[in-house]
1. Kindly provide the set of residues from region 126-143 that are more than 8 Å from the ligand (Cβ to nearest atom) and out of contact with any Leu (no Cβ under 7 Å at 6 or more places or on another chain), ordered by number.
2. Test of understanding: among ARG99, ARG78, ARG94, ARG82, which residue is basic (Lys, Arg), without any contact (Cβ under 8 Å) to a residue 60 or more places away in the chain and not in a helix (DSSP H, G or I)?
3. Among the residues that make up region 175-193, is at least one of them near the ligand (Cβ under 10 Å from one of its atoms) and at positive phi?
4. Looking at (1) crowded, with 18+ Cβ neighbours inside 10 Å; (2) within 13 Å of the ligand (Cβ to nearest atom), which is the one condition that is false for GLY123?
5. Being among the basic types (Lys, Arg) and within 10 Å of the ligand (Cβ to nearest atom) is the filter here; which residues of region 97-107 pass it?
6. Just to be sure I understand the filter: pairs with C-beta atoms under 9 Å, separated by 6 or more residues or on different chains, first member in region 111-128 and closer than 25 Å to GLN72 by Cα and in a loop (DSSP other than H, G, I, E, B), second member polar (S, T, N, Q) and more than 8 Å from the ligand (Cβ to nearest atom). Which pairs pass?
7. Residue pairs, Cβ under 8 Å, 6 or more apart or interchain, first in region 164-188 and part of a loop (DSSP other than H, G, I, E, B), second more than 16 Å from the ligand (Cβ to nearest atom). List them.
8. Just to be sure, is GLU7 modelled with pLDDT under 85, surrounded by fewer than 17 Cβ atoms within 10 Å (Cβ to Cβ) and under 21 Å from the mean Cα position of the chain (by Cα)?
Amino acid sequence: MPQPLAENRTGPAAGLDLPSWETPATELALPESELHVWKFRLPSYVEAPPRAPLSPDEVARAERIRSPDLRQRFVSARSGLRRVLALYRRCSPREIRFRYGNHGKPEIDETELSFDFNLAHAGDLGLVAVSARGPVGIDLERIAPRPHLHAIAARMFPPAVLDRLRHLPDDALVFEFLREWTALEARTKYLGHGLFRAPRAAPPELRIQHFLAQADFIAALASKPVPATLPRLRYLELAPVLD
Ligand SMILES: CC(C)(COP(=O)(O)OP(=O)(O)OC[C@H]1O[C@@H](n2cnc3c(N)ncnc32)[C@H](O)[C@@H]1OP(=O)(O)O)[C@@H](O)C(=O)NCCC(=O)NCCS
């Protein structure tokens, strides 16, 4: 098992926020000056609650996933997403109806909705970003060594980033690669594109905010400053379902 690199707070991840997460009251205000980031655990196959508030198309999608573990992760992530959105929509998780963009980005199927959201999951963690200031994109990756970083970077990143990555020692390389990668995915997800159709350079008005979702998971959040200030990130934790 590769060792997480971010636990050493003097290492490459030292400059990033490792926030504490609050468990909020059920009535939540979402001002334009804030972006809400929710974290929740994705229970493994044996731990997962048997009842999940999914729609028939989500159940059908889950049934097409052959691996029990991946199937359960999809169910848990969608359940967590629905529970978060229900707090803002003030309804039950089951009542949320989704529609999908050309590349699969889920949105709530309502014309007069006052917030946007995006979901990411990795390992046993789920993150949902919620915004009242326009679209958001979020991505999450475990900080651990992985193969072919330079080859993937050459395919996905602009020349200035490649130059910078080329001269880094191994642990800094993994971290900086993942910082760029999560930014690329968050930007892609903000735009609702597919990864291989994403612009290689960020639209200049788009801002990326990185943080550590926990010591060994880096996350990036893409949003558009409205007006030209960065939103305050509020970090919220969803309590586990115990039934
Ligand atoms: C979007 C994408 C970059 C996400 O990559 P990932 O790292 O594997 O997954 P993440 O954990 O970050 O995010 C997954 C979640 O993002 C959301 N999502 C899916 N497609 C999205 C898109 N195009 N834009 C924004 N969010 C998207 C979903 O909620 C998804 O979770 P779920 O399907 O389990 O509910 C990648 O899946 C991609 O490139 N998809 C496009 C595929 C495509 O072009 N399909 C066209 C035919 S539908």
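1. The answer is ARG133, GLY134, PRO135, ARG142.
2. Details: ARG78 fails: not in a helix (DSSP H, G or I); ARG94 fails: not in a helix (DSSP H, G or I); ARG82 fails: not in a helix (DSSP H, G or I).
Exactly one of ARG99, ARG78, ARG94, ARG82 is basic (Lys, Arg), without any contact (Cβ under 8 Å) to a residue 60 or more places away in the chain and not in a helix (DSSP H, G or I), namely ARG99.
3. Looking for residues that are near the ligand (Cβ under 10 Å from one of its atoms) and at positive phi, one finds at least one in region 175-193, hence yes.
4. Condition (1) is where GLY123 drops out.
5. From region 97-107, those among the basic types (Lys, Arg) are 97, 99, 105; that's our starting set.
LYS105, the sole residue that qualifies.
6. Qualifying pairs under 9 Å: ASP124/SER44; ASP124/SER76.
7. LEU168/GLU176
8. Values: modelled with pLDDT under 85: yes; surrounded by fewer than 17 Cβ atoms within 10 Å (Cβ to Cβ): yes; under 21 Å from the mean Cα position of the chain (by Cα): yes.
Yes, satisfied.
The values are calculated or read from the model by the stated rules, or taken from the named source; none is laboratory data. Here the structure is a predicted model, which is why all the values come from computation and not from measurement. Please note: Cβ atoms are built from the backbone with ideal geometry, for glycine as well, and neighbour counts cover all protein chains shown.
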